[in-house]
Amino acid sequence: MAELRENEQKTMLALERLKGKGPVDQIVKVSALAHAAVMRAALSLTAKKLVKTRERKQTVIALNKEGKYHARKGLPERRLISSLIKLGGEASLDDVVEEAELERKFLTIALGWLNRKGWATIKKSVVKMLKEPPTGTDEKLLSLLDEKGPLIVEDLSRELQRAVSVLKKRKLVEISEKTLRELELTDAGWDVVKRGIEIVEEVSQLTPELIRTGRWRRVKLRRFDVTAPGPVVYPRKVHPAQQIIQRVREIFLEMGFTEIRGPIVETAFWNFDALFQPQDHPAREMMDTFYLAHPTKGKLPRRDIVNAVAKTHENGWITGSRGWEYTWSLDEAKRLILRTHTTAVTIRYLAEHKEPPVKVFSVDRVYRNEKVDYKRLAEFHQIEGIVMDKKVTLRDLMGTLKEFYLKLGLKKVQFWPSYFPYTEPSMQSTVYVPELKTWVELCGMGIFRPEVLAPFGIKYPVLAWGGGLERLIMLKLGVEDIRHLYKNDLGWIRRTPICQ
Amino acid sequence: MPVITLDRDRFSSFVGRSLSVEEMAKWLPWLGVDIEETEPDCVKIEFNPNRVDFSSYGGVARAFRGLMGWETGLPKYEVKEGKIVLKVDPAVSEVRPYVVGAVVRNIKLDNDSVRELMEMQEDLHWGVGRDRKKASIGVHNLDVVEPPFAYTTSAPNDVRFVPLDKTEEMTLQEILERHEKGIAYKHHVDWASRYPLITDKMGRVLSFPPIINGELTRVSSQTRNLFIDVTGTELNAITRSLNVLVTALADMGGTIEAVRVKYTDRVLISPDLTPQRMELRVDYANDLLGLKLSETKAIQALQKSRLDARRIGKGVLEVLIPAYRIDIMHEIDLVEEVAIGYGYFKLKPTKPATVTTGRQHRAGEVANYVRQIMVGLGFVEALNFVLANDVDHYQKMRRRAGKMIRLANPVSTEYSIVRQDLLPNLMKNLADNKHQAYPQRVFEVSDVIEISEKAETRAERRLHVAGVSSHPTANFTEMKSYLEALLTNLGLKDWPIKETRHPSFLQGRAAAIYVKGRKIGVVGEIHPEVLNNFELENPTSAFEIDLQRILKTTY
């Protein structure tokens, strides 16, 4: 036999006092429990077969506003007949109405019922009483309802039940249906009651007072329904895209790379010229790159470096390259732009750190003059990794990428030949994304061209890879519209799991 | 990037073997092209701008045969001697100084090849010609005109001819003003007093370079003999464009014949398809690729890339590069040719021996401390763009716009400046989240950019943190407590607070924070007018500080 909770015990005891049977309302009164508490106890006691629940449909009758008015003032025909009696049993209609102070809107009704009830006749505006008017059942029910409030039709005398329909037709009452629940102890229930129930105080919230005084030993801590749903709460958190940025940074750090950071407003020199991108290259056009209206020009580095870069563009300088065969412009190189890639930071760093080994990375903002839509942004994050050492190879670059992807949970990688203006040989990588069951293009990579390295006196191969990060973020977060990543929709941030 | 759609049957005939779409899609990427789309009977590929020779079926087919080992080494192209003269008027040096030409005879064209020819020209105009500035091509029906030809100039209104796709004669001036191509490309010539023109013996106009050809020499599937002109501002660019074009036409079955281009001081025989020569050290290739190829294997790999090579010394090869490979400018480019001929698919990844320990940048480290504290204080992180606009940034914040970093070519009014602080973005975030439950506490730790005259790039990137708290009882005291909790946990000991005036904050409820005598930021209750501007209904308090000032990070 399962233990009974406090509310169940109280309900059983109330039933005992009601001789084993009673409607819920009565049990509420007897037990002093809340209605909901009795209902819950009724459910669990029924489940334990200690109590049977019976449901009965009831018709409830209650006065409406007009009904209440007439209950107080008397029905309109009663008001007329009473006045007529006062005026001697025969009088003009106007006099009767005036005496009764009857509202105009009730006049027709009053006259109709005087006639129907056979209390008086009206001829040529003269009212004449026919008989002593007895108190009708309709009037009895009306005053009973006024006195006692809503009544259950089934409990009324047969006589009064007939009056219900009269009042209903006169639209003086509201009739509604109600389910009456009645509880009754089963034989097993009687057994429990007969064995005796001792009420132990039951506590739902443990309090400091209970703990301090030791009273917790004497009370019963209510058992909770641990499966019941509770209110939903959300943690405050780091932005979901930032969490992936952090993860990528961690991967680089785990792989022994040092983080570098550089200007966002950059000169065309470091963004393009230093990377051997000719000044008439389509990528440098206004259609692809954000130029600044203010300020417009930056400063260039040491003259010897600028000259070496210029010569390399024009004729290859000492690199053995034929160069781009045009006249290089200093002014063009000074133009300020929003950097289009983090490689601008990389070449700045390499120019200052020529001693191998160098392993650096950045995960940072870059800009393209793009019309923003569901798959393109004008501002996004680029990841970039660089290895410079005496003996590093294209295959090493592939191996590094493979490890990088593996740490991101991307196990299958393919490498293809590709082209970038500042790397040779160049590669493109595609990774298999199991969630999408498809191959997705991620990072491009290659070895920096001699024309990039020579002007800065860099003597060893530089392996480089990079790519936009948002695509990866979208894959990881299941976001289909890239713009959503920067909408800062608090609902989305709250719902997006931290652990991906 | 340029695209070419390869019809399976037509491509098969160029390759000389029957190929399936699957075989094409499987092997083409190993040439360095992207498969854009595969359809039941064709493959659409995207090629890199350095390989304009892939703009024709013939060009892709040559490389494909090499990759598969079906035909290797240098493709041979013969240039027959010719008598046709193209005379260059010295006046062209003022506007568009260079021209070369070629004749292609006995070619059998159909609608497909005419279309291909047109697309190839567009790819060359884009890839080599820099949108027709450096080089532009005219292909003509040779049989309707009479050599010798002249590359000359004319005053804008002296000559009239019917331009391509038109029925009426127009002057050069009218073409620039009214013809679609004239409007699109007039900036290449409209600054000159005389415009370039190519005419025949009778003075009939073949072309108004780089704008439009004449209707007279229109090429159709009936055309058998072609005259080609390439004009431009750089001789190398036009000879290379011509080489790519004539080799593709030879692959279509034409016979190349030279044109004598007579400048006042010299005669150029064009096209010149002599292979370029370049040395390759086999060790250089092996060291970069991580391979140990013998000289013989390296030569075989180069031959598969449709180059030729011979040993000229220990470990040194002389490589012959076909005239259409205009992308090869340095020994390093030959290294990639070795890799492609060897097969990228055979390259196995290795791990580099380089051992280093990693370290995060101080700015990244500090930003992470800030994140930890702010999230602990109950704030959600926002991530906004550095790109901003002056309406949100200044107007709605009740600030007068001062000097700011402005874009010369903004893509939309939403992103026209670079932000100098974070708060306006956070206000925008609150405005966008009005339907979400309150209280809302949001922060951002990220970059802003300030103008700095002494800086190399006239701008300085700085790390800021800002926070907002918005709910019915938000106030100054609440936010000041949060800010002080942040500063304490960032290890600061002393930060005098002084009342300040700030247009975005309520007067008497705004304060400046100082560290070591320098102002590092501001905290206060947002001005109700600012709240109205962002259509916010809840009181909002906010702070923003410059982390750079207190944490000594460089960049």
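Based on DSSP H segments of at least four residues, each scored -39500 (n - 2.57), chain B has a per-residue ellipticity at 222 nm of -8000 deg cm²/dmol. FRET efficiency for the pair B:GLU529 and B:ILE312, taken as 1/(1 + (r/R0)^6) with r the Cβ-Cβ distance and R0 = 60 Å, rounds to 0.15.
Computed over chain B, the Cα gyration tensor eigenvalues convert (square root of 5λ each) into semi-axes of 63, 33, 22 Å, ordered from largest to smallest. Between the stretch B:61-130 and the stretch B:256-297, the alpha-carbon centres lie 17 Å apart.
Across the options A:ALA71, A:HIS239, A:LEU206, the greatest Cα extent toward the positive end of the charge dipole of chain A (unit charges at beta carbon of Lys, Arg, Asp, Glu) belongs to A:ALA71.
Note on B:LYS351 and B:ALA408: the extension gain reaches 16.0 nm, defined as 0.36 nm multiplied by sequence separation minus the Cα-Cα distance. Label zone (A:ARG322, point 7 Å along Cα-to-C-beta; backbone nitrogen cut-off 11 Å) within the stretch B:311-341: B:321-330. In chain A, the longest principal axis of the Cα atoms and the axis of helix A:158-169 are about 60 degrees apart. The loop-placed trypsin sites (Lys or Arg not before Pro) in the stretch A:450-483, going by DSSP, that have at most 16 neighbouring Cβ atoms within 10 Å of their Cβ come out as A:LYS459. Extension gain, A:LYS194 to A:GLU177: 0.36 nm times the residue separation minus the Cα-Cα distance gives 2.5 nm. Extent of chain A along its three principal axes (Cα atoms, max minus min coordinate, largest first): 135, 75, 45 Å. Answer rounded, prolate or oblate for the stretch A:301-405, using the Cα gyration tensor with square roots of eigenvalues a ≥ b ≥ c: rounded when a/c is under 1.5, else prolate when a/b is larger than b/c, else oblate. Judged from the Cα gyration tensor, the stretch A:301-405 comes out oblate (a/c at least 1.5, b/c at or above a/b). Using C-alpha pairs below 8 Å separated by at least 6 residues, the relative contact order for the stretch B:276-346 is 41 percent. List residues of the stretch A:55-72, by number, whose backbone nitrogen lies under 12 Å from a label position 7 Å along Cα→C-beta of A:GLN161. The answer is A:59, whose backbone nitrogens lie closer than 12 Å to the label point. For the stretch A:70-128, the set of GluC sites (Glu not before Pro) satisfying both a DSSP loop assignment and a count of at most 11 other C-beta atoms within 10 Å is given as A:GLU101.
Checking every one of the GluC sites (Glu not before Pro) in the stretch B:466-555 against DSSP loop status and a limit of 10 other Cβ atoms within 10 Å picks out B:GLU535. Distance distribution P(r), the stretch B:362-554, all Cα-Cα pairs, bin width 10 angstrom from 0: 9, 37, 39, 14, 1 percent.
State which stretch of chain A is the longest one without any exposed chymotrypsin sites (Phe, Trp or Tyr not before Pro), exposure meaning a DSSP loop state and at most 12 other Cβ atoms within 10 Å. The longest such stretch corresponds to A:1-223. Placing a label point 7 Å from the Cα of B:SER93 along the Cα-to-Cβ direction, the residues of the stretch B:178-212 with a backbone N closer than 18 Å are B:192-197.
Mean silhouette area of the stretch A:191-234, derived from the convex hull of its C-alpha atoms and averaged over all directions, reads 5.4 nm². Based on Cα contacts under 8 Å between residues 6+ apart, chain A shows a relative contact order of 12 percent. Between the stretch B:335-361 and the stretch A:29-71, the alpha-carbon centres lie 80 Å apart. Against the 2.2 N^0.38 Å scaling, with N counting residues, where does the protein assembly as shown land? I'd like the Cα-based Rg ratio to two decimal places. Expressed relative to 2.2 N^0.38 Å, the Cα Rg reads 1.45.
When the C-alpha to C-alpha distance is required to be over 23 Å, the pairs from A:LYS390/B:LYS351; A:LYS354/B:LYS297; B:LYS108/B:LYS133; A:LYS10/A:LYS178; A:LYS117/A:LYS140 that qualify are A:LYS354/B:LYS297; B:LYS108/B:LYS133; A:LYS10/A:LYS178. Computed 3J(HN,Hα) for the stretch A:241-251, one whole-Hz value per residue from the Karplus formula 6.51 cos²θ - 1.76 cosθ + 1.60 where θ = phi - 60°, is 5, 5, 4, 6, 4, 4, 4, 5, 4, 4, 4, glycine and proline marked x.
The C-alpha radius of gyration of the stretch B:1-145, expressed as a fraction of 2.2 N^0.38 Å, stands at 1.20. Relative contact order of chain B, taken over Cα pairs closer than 8 Å and 6 or more residues apart, is 12 percent. Other residues within the sphere of radius under 9 Å centred on the Cβ of B:PHE534, judged by their own Cβ, net out at 0 (K and R +1, D and E -1). Summarising the overall dimensions of the stretch A:49-193 from its C-alpha atoms, the Rg and Dmax are 21.6, 78 angstrom. Placing unit charges on the Cβ atoms only, positive for Lys and Arg and negative for Asp and Glu, gives the stretch B:367-478 a dipole magnitude near 260 debye about its Cα centre. Rounded, prolate or oblate: which fits the stretch A:243-495, taking a ≥ b ≥ c as square roots of the Cα gyration tensor eigenvalues, rounded meaning a/c under 1.5, else prolate when a/b beats b/c? Note, shape of the stretch A:243-495 comes out oblate. Estimated from the Cβ-Cβ distance and a Förster radius of 45 angstrom, the FRET efficiency linking A:THR121 and A:ARG72 is about 0.95.
Applying the Karplus relation 6.51 cos²θ - 1.76 cosθ + 1.60 with θ = phi - 60° to the stretch B:308-318 yields 3J(HN,Hα) values of 10, 8, 9, 6, 10, x, 5, x, 10, 10, 9 Hz, where x marks Gly and Pro. Within the stretch B:3-67, all pairs of alpha-carbon atoms sorted by distance into 5 Å bins from zero give the percentages 4, 20, 36, 30, 10, 1.
For chain A, the longest principal axis of the C-alpha atoms and the axis of helix A:35-47 are separated by about 80°.
Values in this text are rule-based calculations from the coordinates and carry no lab data. Here the structure is a predicted model, which means the values were calculated and not measured. FYI the Cβ positions are ideal-geometry reconstructions off the backbone, even for glycines, and counts take in every protein chain you see.
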